[in-house]
Amino acid sequence: MQEALDFNQGSIIEPIYLTTSQAYRDSDEMEAALGYRIPTWCYSRIANPTMYYLEGVLALLDGYGSEVETSCIATSSGMAAIQSAVDPFLVADPKNPGARMNFVATTQVYGGTYQQFSMRKDLERQVEWRKVVHSTDLSEWESLIDENTRFLYGEMPSNPGLAFFDLAEVADLAHKYGIPLIIDATVATPALLRPIEHGADIVIQSVTKSLATSGFGISGAVISRMNIVSKIDNPAMKADFASYLKLLPNRDNGPNISPMSAALAINDIRTLRMRMDHMSRSTMKVAQFLAQHKHVERVEYLGLENHPLHQLASRYMYLVDAEYDEQYGKSVNRYGHLMSFLVKGDAKQTRDVFDAFTRIWRATDLGRIKSVATIPAISTHSQQGEEGRKLAGIPSNLIRLCVGVEHPDDIIHDLDQALAVLDGKKIKVTAPEYSAGGASSARLRK
Ligand SMILES: *Cc1c(COP(=O)(O)O)cnc(C)c1O
């Protein structure tokens, strides 16, 4: 508050600095600023006061509980965050010139990540993506590492398959070989999982999703611990990775966030913990309902006790600070609001179920206040083809569902009536909510 009183005219919300650049008192100040010899924000491709607010908050959230200092750089998208995080490791090794570099990463990743790794890195740049198919098998990870491996990368829980592995073990493995572990923890958010606490060096967040739940725009972030592990001979990069990205590579490449997106994200992050708690509880109810439904083959939700990864996930995913919470007073597991289920049927029947939703939104999106579903095989994960989807475990009868804050019974009801199309009876969808969109509640009230 004191900072707001001193600098922001007492403004209770962080001001939005919609501006390109900073003016200087004289040439000395300008020279020192552009040479990074004095604190400055210079130019909004490098830094901006509103961006700093977001970066400060995310560094604290992802570092919470780890007892290591963290820093953050916000980016224009989650994909830009991934590119920013991995590219500094994909530089030529003067000790081993001409060697083909590689990285070891799980196949169960977001579709955009799969494309960035397979097309932009592996195919176009000849940087080999060594694929971990069974990420719980530590020996598979280890068998893929050699002296040209630059980093290990995993997404957990993965979108949409909810893959999960033993984070601390994989971090130890990376460090044994002198390389960093990078984790995309978008699906969990720092309210439920903070990989740095368990040994990860760098964390990716697609801020677009649950962090900035309002859904106004696209943004991302890279959060890193001080003194990351890497064999690359670049002391500044290793000492403070995110700040290094900000001052040098991202200044030159330009994947920065806009101050407007940063401000919108900060505002939403204030409610992150309570949303993730509420949505996780609702998702559990929905998952339990689907798990016993006759038209559902399988439910992927880490909270379900009979899920093969439930025990492992329970060691890592819990609501931050529940032990200090009046309501709980002890540590409680929460498994997030993303789940997937496999329809007992073929691709066409899966689409029929999907098309019958009246309340759940059909969109390639997640993290919203509204429940949203997609069929990854024909949307987020269509570009990687049949073979790529097989590797990532994404069959055509899989529906990804991200549960919002509606009453869970309403979502359950929508799923139940949609799955009823598989009963063979002709169902006429007459619910007004969908066709009338935003106007529906007003109409219903009349
Ligand atoms: C959406 C998503 C991304 C990409 O983020 P954008 O903000 O859409 O660029 C990366 N990882 C995961 C897990 C995602 O869900």
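The values are calculated or read from the model by the stated rules, or taken from the named source; none is laboratory data. Values in this document were obtained by computation on a predicted structure and should not be read as measured data. With ideal geometry, Cβ positions are generated from the backbone for all residues, glycine too; neighbour counts draw on all protein chains shown.
When each of TYR36, TYR43, TYR64 is tested for being of a type in the set (Phe, Trp, Tyr) and under 28 Å from GLY199 (Cα atoms), the lone residue that passes is TYR64.
Scanning the range 23-37 for residues that are of a type in the set (A, V, I, L, M, F, W, C) and either under 34 Å from the mean Cα position of the chain (by Cα) or not in a loop (DSSP other than H, G, I, E, B) (or both) yields MET30, ALA32, ALA33, LEU34.
Quick one: count up the residues across the range 144-169 that are within 25 Å of ALA99 (Cα to Cα), touching a strand residue (DSSP E or B) at 6+ places or on another chain (Cβ under 8 Å) and more than 13 Å from the ligand (Cβ to nearest atom).
Qualifying residue count, the range 144-169: 8.
Only one of the numbered conditions (1) in a loop (DSSP other than H, G, I, E, B); (2) within 30 Å of VAL320 (Cα to Cα); (3) away from the ligand (no atom under 16 Å from the Cβ) is violated by TYR53, and that is (1). Looking across MET119, MET30, one residue alone is surrounded by fewer than 21 Cβ atoms within 10 Å (Cβ to Cβ) and within 16 Å of the ligand (Cβ to nearest atom). It is MET119.
For the range 38-48, the criterion of being within 16 Å of the ligand (Cβ to nearest atom), in the same structural domain as GLU128 (by TED's automatic domain parsing) and in a loop (DSSP other than H, G, I, E, B) is met by no residue. Each residue in the range 366-404 was checked for being in contact with a helix residue (DSSP H, G or I) (Cβ under 6 Å, 6 or more places away or on another chain) and assigned to a loop (DSSP other than H, G, I, E, B), and 10 pass.
Answer yes if at least one residue in the range 323-332 is within 30 Å of ALA171 (Cα to Cα) and part of a helix (DSSP H, G or I), and no otherwise. Yes, some residue in the range 323-332 is within 30 Å of ALA171 (Cα to Cα) and part of a helix (DSSP H, G or I).
Got a sec? Which of ILE196, ILE204, ILE182, ILE228 is modelled with pLDDT of 95 or more, part of a helix (DSSP H, G or I) and among the β-branched types (Val, Ile, Thr)? After applying the criteria, what remains is ILE196.
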